[in-house]
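Input: a single structure, listed below in structure tokens.
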Amino acid sequence: MKFISTRGKVAPIGFIDMFLMGLGEDGGLIVPETIPTITAAQLKEWSKLSYQDLMFEVFSLYTNNEIPEQDLRKLIQDSYATFNSPDVLPMTSLNDSLHVLELFHGPTFAFKDVALQFMGNLYAYVAKKQNKVINILGATSGDTGASAISSVRGKEGIQICILHPNGKVSRVQELQMTTVRDDNVLNLSVNGNFDDCQQIIKELFADVPFKTKYHLRAINSINFVRILAQSVYYFYAYLQLPEKVRADGVNFSIPTGNFGNIFSGYLAKQMGVPIKQLVLATNENNILERFIREGVYKPEGFHSTHSPSMDIQIASNFERYLYYFNGENAEATASRMEQFKSDGQLIFSAEEVARIQNDMTAYSVGNSECLDTIKTYQDRYNYLLDPHSACGIAAYEGAGNKNDGAFVSLATAHPAKFDEAIRLIGIEQKFPEQIQELFDKPQQQVVVDNAKEEIVTQLEQFYKVNQ
């Protein structure tokens with residue numbers, strides 16, 4: 001297994017080199033040279049595996065034995081030992097056809113823990129093996145930052161800097177990042193939105209001399225290891241369904257902002273999970289819905305919503321999908337991304353839109369519909385959704401073809417992380433102890449302007465102090 005760039009100008013590399021590269025040095029995203037496929041017989045054999053053993057099987061298809069089996073198994077076991085459910089990702093059935101896969105039982109109560117706890121341990125493993133200091137740099141719309149910091153705080157050989165949009169994440173998300181006091185953690189609160197933060201990160205990773213000088217590594221979903229780790233729960237969800245229920249395949253409704261969560265499902269489908277529908281759930285920042293419904297990929301006005309982790313206009317992982325949509329043609333992908341950079345939009349033909357809609361459907365959820373869904377499902381099933389998970393349920397209701405069989409909707413965060421929205425509909429909830437105690441802790445963050453030069457100055461000072 002070798003890994004290449006969506007833009008075709010990165011020589012094929014192995015698993016560890018791919019993990020350390022993060023963003024391709026040609027500005028593209030890293031993808032596997034070929035996607036391995038799993039037979040129905042193999043899937044059946046995997047049906048009795050624990051989540052940890054299933055992840056080992058999936059990752060072993062990609063790692064080229066660069067990580068010895070014993071070490072890989074230990075990395076996986078250690079990564080999920082901190083989860084508060086013995087099943088790691090429990091599934092709740094709300095009715096005969098709708099099932100909710102709870103992805104929020106990790107240490108920061110968000111689905112990002114599923115991938116990032118593993119990635120943090122893997123970075124520590126590689127740093128020790130190579131005797132190097134690794135500087136992790138990322139942007140977050142809320143959950144990635146908290147989970148990434150949790151995964152590497154205090155670990156030897158690793159420093160982490162996370163950019164988040166000032167005042168545009170939930171209070172709990174902010175506290176989970178900024179109450180961490182470890183010396184190897186820097187929080188930069190940027191006066192801008194998530195897209196501003198993400199653009200600066202991309203520019204810094206594209207600056208190869210700067211990236212090389214400071215050994216920058218990515219923990220956002222631009223890193224393919226994160227996509228691969230997330231793809232495992234599509235296998236797991238399918239295999240958790242009763243055999244007679246999954247016999248005809250499975251459908252997923254997926255809250256997504258940066259296109260990573262749904263691209264992980266697309267990858268799982270290409271690998272052999274019999275997925276019939278991938279329903280993309282988004283909020284009022286609906287560039288992805290317009291792309292799928294109309295064939296227009298164009299950012300419009302930014303909206304602050306009750307689901308801030310999806311308040312994103314430019315979706316990083318869109319390029320990975322575009323690469324496969326273009327028949328794995330790197331030249332065509334690079335050309336279209338250059339066109340997007342120059343024109344600020346991409347327009348797809350009617351024939352292309354039909355192909356896109358064969359891969360996935362989409363549904364945009366407004367603020368009021370989001371809150372209505374939370375209230376309806378609390379009343380009907382006594383099941384409390386966070387706003388992002390509610391977008392997934394609303395998309396299932398609004399765009400899912402119920403005649404296609406079982407649906408799994410992904411619950412991406414614990415409702416306690418977004419209590420501001422929950423309180424708007426008169427619901428009071430009891431916070432988990434780990435969240436409640438955050439409110440009494442002092443914060444540590446640096447507020448900066450949306451300027452690459454100012455952020456570079458902060459980074460250089462941070463790296464110098466912690467060398």
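Identification of helices (runs of 4 or more DSSP H) wholly contained in segment 1-111 with 2 or more residues that are aromatic (Phe, Trp, Tyr) yields 15-21, 51-60. Among the residues of segment 27-54, those identified as out of contact with any Phe, Trp or Tyr (no Cβ under 7 Å at 6 or more places or on another chain), touching a residue at least 60 places away in the same chain (Cβ under 8 Å) and closer than 22 Å to residue 326 by Cα are 27, 28, 29, 35, 36, 37. Test residue 25 against the stated conditions and say whether it is modelled with pLDDT of 95 or more, over 19 Å from residue 118 (Cβ atoms), surrounded by fewer than 20 Cβ atoms within 10 Å (Cβ to Cβ) and touching a strand residue (DSSP E or B) at 6+ places or on another chain (Cβ under 9 Å). Taking the combined requirement at face value, the residue does not satisfy it. Of the candidates 396, 377, 383, the single residue that is surrounded by fewer than 23 Cβ atoms within 10 Å (Cβ to Cβ), touching a residue at least 60 places away in the same chain (Cβ under 8 Å), touching a strand residue (DSSP E or B) at 6+ places or on another chain (Cβ under 9 Å) and closer than 20 Å to residue 95 by Cα is 383. Condition test on residue 385, is it within 22 Å of the chain's Cα centre (by Cα) and assigned to a loop (DSSP other than H, G, I, E, B)? Judged against the criteria, residue 385 is a match. Just one of (1) under 18 Å from residue 236 (Cβ atoms); (2) under 21 Å from the mean Cα position of the chain (by Cα); (3) modelled with pLDDT under 95; (4) not charged (D, E, K, R) fails for residue 88. It is (3). Only one of these is over 30 Å from residue 244 (Cβ atoms), out of contact with any helix residue (DSSP H, G or I) (no Cβ under 6 Å at 6 or more places or on another chain) and touching a residue at least 24 places away in the same chain (Cβ under 8 Å): 126, 100. Name it. The conditions single out 126.
Kindly provide the set of residues from segment 287-316 that are surrounded by fewer than 23 Cβ atoms within 10 Å (Cβ to Cβ), in a loop (DSSP other than H, G, I, E, B) and either of a type in the set (D, E, K, R) or at pLDDT 95 or above (or both), ordered by number. Within segment 287-316, 295, 298, 300 qualify.
When you look at residue 431, is it assigned to a helix (DSSP H, G or I) and among the aromatic types (Phe, Trp, Tyr), yes or no? When the stated conditions are applied, residue 431 does not pass them. For segment 346-374, the set of residues classified as over 26 Å from the mean Cα position of the chain (by Cα) and either closer than 17 Å to residue 306 by Cα or in a loop (DSSP other than H, G, I, E, B) (or both) consists of 349 only. Among the residues of segment 10-19, the ones that are more than 18 Å from the chain's Cα centre (by Cα) and in contact (Cβ under 8 Å) with a residue 24 or more places away in the chain come to 3 in all. If only residues of segment 317-345 that are in contact with a Ser or Thr (Cβ under 7 Å, 6 or more places away or on another chain) and part of a loop (DSSP other than H, G, I, E, B) are counted, the one that is farthest from residue 30 (Cα to Cα) is 326. Checked across segment 401-412, the condition of being buried (at least 18 other Cβ atoms within 10 Å of the Cβ), aromatic (Phe, Trp, Tyr) and part of a helix (DSSP H, G or I) holds for no residue.
Within segment 275-302, the set of residues being free of Cβ contacts under 8 Å to residues at least 40 places away in the same chain and over 16 Å from residue 321 (Cβ atoms) comprises 285, 300, 301.
Cβ-Cβ below 9 Å, separation at least six or inter-chain, first residue in segment 189-212 and basic (Lys, Arg), second part of a loop (DSSP other than H, G, I, E, B): which pairs? From segment 189-212, the pairs are 202/27; 202/222; 202/316; 211/22; 211/25.
Evaluate segment 418-438: report whether one residue or more is buried (at least 24 other Cβ atoms within 10 Å of the Cβ), within 30 Å of residue 161 (Cβ to Cβ) and in contact with a Pro (Cβ under 7 Å, 6 or more places away or on another chain). Yes.
Checked across segment 33-43, the condition of being crowded, with 16+ Cβ neighbours inside 10 Å and in contact with a Lys or Arg (Cβ under 9 Å, 6 or more places away or on another chain) holds for no residue.
The values are calculated or read from the model by the stated rules, or taken from the named source; none is laboratory data. Everything numeric in this text was worked out from a predicted model, so none of it was measured. When we count neighbours, we look across all protein chains shown, and the Cβ atoms used for this are built from the backbone with ideal geometry, even at glycine.
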